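Note sheet for the following structure.
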Amino acid sequence: MRLPQHLNITCLSVGQGDSAVIEYGNFVCLIDVGSSTEKEVSKYTILPFLKYSGIRKVDYLFLTHGDLDHINGALELLKQSRYGVKIKRLVVTDSRYKEEYGEIFDLARSQSIPIYEMQQGDSVSLGKVQLLCLAPSVQLLNEVEGGNETSMVLLLIKENFSMLFMGDSEGEGELEVMKHLYELGISNVTALKVAHHGSKNSTNDQFLALVRPKVGVISCGENNVYGHPHRETLERLEAVGCKVMITKDLGAVNIRVGHGGSMEVRCGPTK
């Protein structure tokens, strides 16, 4: 049974892709639902986890950007929403030129599932839990037409615990996150969902000098063609004292947050 005072964050093992489940009492959200290596990732991985966990509705389905390894399980989720796990809201950064979302948007609208846009400065709150959107800004969305740089970046805060979900953010997107964190006076996050599956093009030294996470979770597939995670990224994380946990080696990574922000990390089976 999920208790209101506990926050559960599970980074699922979806091969070369991304999917994280956040549970707090009766509040549930998903951040990305995709994989380029696992067929029917929602049917065989995401939905079984949700049902086993007793979850029958998802309050927010956040899609950080339009790459297939982040969104290709969304159609499966939406198709079963009326009779299985109900999806209540779909959230993206900008729907103006996201052709890759076409079928997803059409199916959501056919089921009267509202579609929201979330950009820098927007937030979702439930009691002691806050989800702040750090990027992209409207300016960056107008300058860059999609791609990794305009990934949605979310910062989860509960008391003394914080976790950054970086999508595939890199370049100008990562710089925006740093600037916004400076403006908010936030540094030294507890946990980091490492950007772009551990690619060397993200998670630079300056970024890590600011956020200095205690735990870093990397979602990637075994023997993936990209060589993720890259050695350079692992070395940068280790240099700031971050304990790195990789789904291809450990399976799902579950972070349970208790009173005052205390953290317990488990791998493999999470319930």
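Given the criteria touching a residue at least 40 places away in the same chain (Cβ under 8 Å) and either surrounded by 14 or more Cβ atoms within 10 Å (Cβ to Cβ) or among the basic types (K, R) (or both), does V240 qualify? No; evaluated as a whole, the condition is false for this residue.
From the list R231, R266, R236, pick out the single residue that is among the charged types (D, E, K, R) and touching a strand residue (DSSP E or B) at 6+ places or on another chain (Cβ under 9 Å).
The conditions single out R266.
Among the residues making up region 168-192, those that are open to solvent by 10 Å² or more (accessible area, probe 1.4 Å) and not in a helix (DSSP H, G or I) are E170, G171, G185, I186, S187, N188, T190. Of everything in region 138-167 that's among the small types (G, A, S) and within 24 Å of I22 (Cα to Cα), which residue is surrounded by the fewest Cβ atoms within 10 Å (Cβ to Cβ)? Residue satisfying both the conditions and the ranking: S162.
Please tell me if S95 is of a type in the set (G, A, S) and closer than 21 Å to L47 by Cβ. Reasoning before the result, please.
Working: of a type in the set (G, A, S): yes; closer than 21 Å to L47 by Cβ: no.
No; evaluated as a whole, the condition is false for this residue.
Residue by residue, here is whether (1) out of contact with any Pro (no Cβ under 9 Å at 6 or more places or on another chain); (2) under 25 Å from I157 (Cβ atoms) holds:
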site: A195; (1), (2): yes, yes
site: S199; (1), (2): no, no
site: H228; (1), (2): yes, no
site: L234; (1), (2): yes, no
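Return the pairs, sorted by first residue and then second, in which the second residue is part of a strand (DSSP E or B) and modelled with pLDDT of 85 or more, the first residue lies in region 255-268 and is at positive phi, the beta carbons are less than 8 Å apart, and the residues are 6+ apart or on different chains. Cβ pairs passing all conditions: G261/K158; G261/F161.
Rundown of residues vs (1) without any contact (Cβ under 8 Å) to a residue 40 or more places away in the chain; (2) β-branched (V, I, T); (3) within 28 Å of L184 (Cβ to Cβ); (4) assigned to a helix (DSSP H, G or I), yes/no style:
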| position | (1), (2), (3), (4) |
| --- | --- |
| F49 | no, no, no, yes |
| L75 | yes, no, no, yes |
| G84 | yes, no, no, no |
| A108 | yes, no, no, yes |
| I113 | yes, yes, no, no |
| Y116 | yes, no, yes, no |
| L155 | yes, no, yes, no |
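Taken over region 92-148, the criterion of being within 19 Å of E76 (Cβ to Cβ), at pLDDT 90 or above and touching a helix residue (DSSP H, G or I) at 6+ places or on another chain (Cβ under 8 Å) is satisfied by V92, Y101, E103, I104, L107, A108, Q111, I113, I115. When restricted to residues that are surrounded by fewer than 23 Cβ atoms within 10 Å (Cβ to Cβ), touching a Ser or Thr at 6+ places or on another chain (Cβ under 8 Å) and closer than 21 Å to K248 by Cα, region 39-76 contains 4.
Taking region 152-182 as the range and being touching a Pro at 6+ places or on another chain (Cβ under 7 Å) and charged (D, E, K, R) as the test, only E176 passes.
The values are calculated or read from the model by the stated rules, or taken from the named source; none is laboratory data. Please read these numbers as outputs of a predicted model, since none were measured by experiment. FYI the Cβ positions are ideal-geometry reconstructions off the backbone, even for glycines, and counts take in every protein chain you see. Note: areas computed on protein heavy atoms with side chains; ligands, DNA, RNA excluded. Shrake-Rupley method; radii C 1.70, N 1.55, O 1.52, S 1.80 Å.
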